[in-house]
Structures are given as structure tokens and as C-alpha cells.
1. For Glu100 paired with Ala123, estimate the spin-label separation in nm (one decimal), with each label point 7 Å from Cα along the Cα-to-Cβ line.
2. Using +1 at the C-beta of Lys and Arg and -1 at the C-beta of Asp and Glu, which of Ser118, Thr57, Gln96 has the Cα lying farthest in the positive direction of the dipole of segment 56-167?
3. Roughly how much of Thr162 is accessible, in Å² to the nearest 10, using a 1.4 Å probe?
4. Could you sort Phe56, Phe129 by their accessible area in this structure, using a 1.4 Å probe and putting the largest first?
5. Taking every pair of distinct Cα atoms and averaging 1/r, then inverting, what Kirkwood hydrodynamic radius in Å comes out for segment 99-152?
Amino acid sequence: MTPLAGGKVADRASSRQKQFCPASPSLIADSAYSISARGIFHRISAQSARSTARGFTLVEVLVALAIVAIALGAGAKATGALTRNAERQSSVLLAQICAENELVKVRLSRQMPGVGDSVVACAQGGRNFTVTLGVRPTPNPSFRRVDTTVSDGSYALLKLSTIVGRF
């Protein structure tokens with residue numbers, strides 16, 4: 001409490017409020033003021049305004065970038081795996097068409113296939129496959145086992161087998 005002329009006592013908080021309270025709302029927007037819980041305007045010093053300004057530190061930004069990089073790397077790896085699986089599925093489907101075609105040729109012929117191996121070229125979907133037919137005898141002389149192996153260059157894509165009988 002501060003004594004005033006004429007015996008009156010003024011409250012410091014109220015005098016500070018009057019001293020720092022801007023006259024118009026436009027001054028409030030342009031100046032650095034804060035309002036306390038009791039509705040009193042307080043001027044914020046430049047130093048405290050800088051200390052209350054928040055931003056991200058370099059370490060925080062680098063950690064966020066590392067997390068994003070790991071997530072993107074995992075996404076790229078998953079996308080690559082899906083692409084390889086789709087290509088493999090396409091190759092196996094085309095290989096199955098080649099194998100089924102050769103097995104149907106053997107079934108539709110009117111004579112028993114000869115025992116032994118043969119190699120046939122097959123073009124499907126713009127790709128070239130190699131079909132290896134292996135005819136093997138069975139314990140019953142009226143039947144033969146026919147194995148097909150379809151390869152795409154260096155490795156086997158598909159193996160199918162069937163039994164062919166005399167008509």
C-alpha cells in the first residue's frame with residue numbers, strides 16, 4: 001500500500017494495472033502483454049517473451065527425421081516384396097499354362113507316350129519357358145506317369161505330374 005496526498009492509500013497492484021493497461025484493444029494486439037487470472041494486464045519483457053517462445057531443437061528435428069526415414073525404408077522394402085511376389089505369381093501362372101498344355105497334348109494323343117525325357121519350348125505372355133516332360137513306367141503296364149517341369153532360364157518354376165492310361 002502506498003500513501004497518497006490527502007491521507008488516501010492506493011494499492012500498488014491497482015496502480016500497476018492502470019500504469020501498464022493499454023488504452024485501446026489495438027494496443028493490446030501490438031504489444032507484449034499477458035492477462036493474469038484476476039484479469040490484470042502485465043507487460044512481458046523482451047527477455048521473458050523470448051524464453052516463452054517455443055520451437056523444436058535440432059536434436060528433436062533429427063530424431064523425427066530418423067523416424068520418418070525408418071518408416072519410409074520399411075514401406076519401400078514392403079513395396080519391393082509385393083512387386084517381386086506379383087511378378088513371381090505371374091511367372092507361375094504362365095508356367096502352369098505351359099505345363100497344362102503339354103499334359104493335355106499327351107492325354108489327347110491316341111497312343112501311350114514313350115518312356116523317357118523330352119524338352120519342349122513354350123511361349124506364353126511374351127515370355128519363353130522350357131517344359132521338360134519325363135515319362136516313367138508304373139507297376140501297372142497300362143499306365144504311365146508323366147512329370148512336367150517348367151523352367152524360366154535358370155530355375156524351375158513349376159512341377160506337375162499326371163497319370164496317363166491306355167484307351
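1. In this crude label model, Glu100 to Ala123 measures out at 2.2 nm.
2. Ser118
3. That residue has around 30 Å² of solvent-accessible surface.
4. Most to least solvent-accessible, the answer reads Phe56, Phe129.
5. Kirkwood radius, segment 99-152: 11.9 Å.
The values are calculated or read from the model by the stated rules, or taken from the named source; none is laboratory data. Owing to the predicted nature of the structure, the values given are computational and were not obtained by experimental measurement. Cβ: placed from backbone, ideal geometry, glycine included. Neighbour counts: every protein chain shown. With ligands, DNA and RNA removed, areas are computed over all heavy atoms of the protein, side chains included. Shrake-Rupley method; radii C 1.70, N 1.55, O 1.52, S 1.80 Å.
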